[in-house]
1. Pull up the stretch 95-116, narrow it to residues that are out of contact with any strand residue (DSSP E or B) (no Cβ under 7 Å at 6 or more places or on another chain) and surrounded by fewer than 17 Cβ atoms within 10 Å (Cβ to Cβ), then point me to the one that is nearest to residue 79 (Cα to Cα).
2. Looking at residue 13, is it crowded, with 16+ Cβ neighbours inside 10 Å and either assigned to a helix (DSSP H, G or I) or outside the structural domain of residue 85 (by TED's automatic domain parsing) (or both)?
3. Across the stretch 59-78, what is the number of residues that are loosely packed, with under 15 Cβ neighbours inside 10 Å and over 18 Å from residue 125 (Cβ atoms)?
4. Which of (1) over 24 Å from residue 141 (Cα atoms); (2) out of contact with any strand residue (DSSP E or B) (no Cβ under 8 Å at 6 or more places or on another chain) is the odd one out, the single condition residue 88 does not satisfy?
C-alpha cells in the first residue's frame with residue numbers, strides 16, 4: 001500500500017465506524033448519509049480523482065514535445081485538489097506527476113523549493129511555479145506556446 005491511499009482508507013474506515021454506531025442507535029438513513037459523505041471525501045482525496053500520473057522523466061519528455069505544463073502533486077494536498085477543481089476538464093490536458101509515487105518527481109520539486117516537497121509545483125516551459133493561480137495556468141494553456 002502506498003502513502004497515497006492511507007488517507008482515503010482511513011476516511012472510509014472512520015465513516016464505517018460512525019455509520020455502524022448510527023445504525024445501532026436506530027438511524028439507518030443518517031448512517032447511510034454519513035457513510036456516503038465519507039466515501040465521497042475519500043474519493044476526492046484519492047489518486048483516482050486526478051488524471052493518471054506518470055513518471056517525471058516521461059512527463060518532461062512529453063512536455064518538451066507538446067509544450068504542455070507538468071504539474072507535480074500528491075494525494076491529500078488541499079492546494080492540489082483546489083487547482084484540479086478549478087482547472088476542470090482542462091486538467092486532463094496537463095502532465096501530472098505524483099511525487100509520492102515517483103522519486104524523480106519528488107527530487108525535481110525539492111530542487112526548486114529549497115529542499116521542500118511543496119506542491120502543486122507547475123513547470124511551464126521549463127520554469128517552476130509554486131502553487132500558481134488557476135486563471136494564470138489556464139492562460140498558459142490558451143497561449144500559442146503553452
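1. If we take residues in the stretch 95-116 being out of contact with any strand residue (DSSP E or B) (no Cβ under 7 Å at 6 or more places or on another chain) and surrounded by fewer than 17 Cβ atoms within 10 Å (Cβ to Cβ), then 116 is nearest to residue 79 (Cα to Cα).
2. No; evaluated as a whole, the condition is false for this residue.
3. Summing the residues that are loosely packed, with under 15 Cβ neighbours inside 10 Å and over 18 Å from residue 125 (Cβ atoms) in the stretch 59-78 gives 1.
4. (1)
For (1) touching a strand residue (DSSP E or B) at 6+ places or on another chain (Cβ under 8 Å); (2) assigned to a loop (DSSP other than H, G, I, E, B), each residue gets a yes or a no:
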residue	(1), (2)
23	no, no
29	no, no
33	no, no
37	no, no
40	no, no
48	no, no
59	yes, no
63	yes, no
68	yes, yes
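Listed here are the residues, each with its yes/no results for (1) in a loop (DSSP other than H, G, I, E, B); (2) more than 20 Å from residue 41 (Cα to Cα); (3) out of contact with any helix residue (DSSP H, G or I) (no Cβ under 6 Å at 6 or more places or on another chain).
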position: 81; (1), (2), (3): no, no, yes
position: 101; (1), (2), (3): yes, yes, yes
position: 106; (1), (2), (3): no, yes, yes
position: 109; (1), (2), (3): no, yes, yes
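The values are calculated or read from the model by the stated rules, or taken from the named source; none is laboratory data. Computed from a prediction, not measured in an experiment: that's the story for all the values here. So basically every Cβ, Gly included, is an ideal-geometry build from the backbone, and we count neighbours across all protein chains shown.
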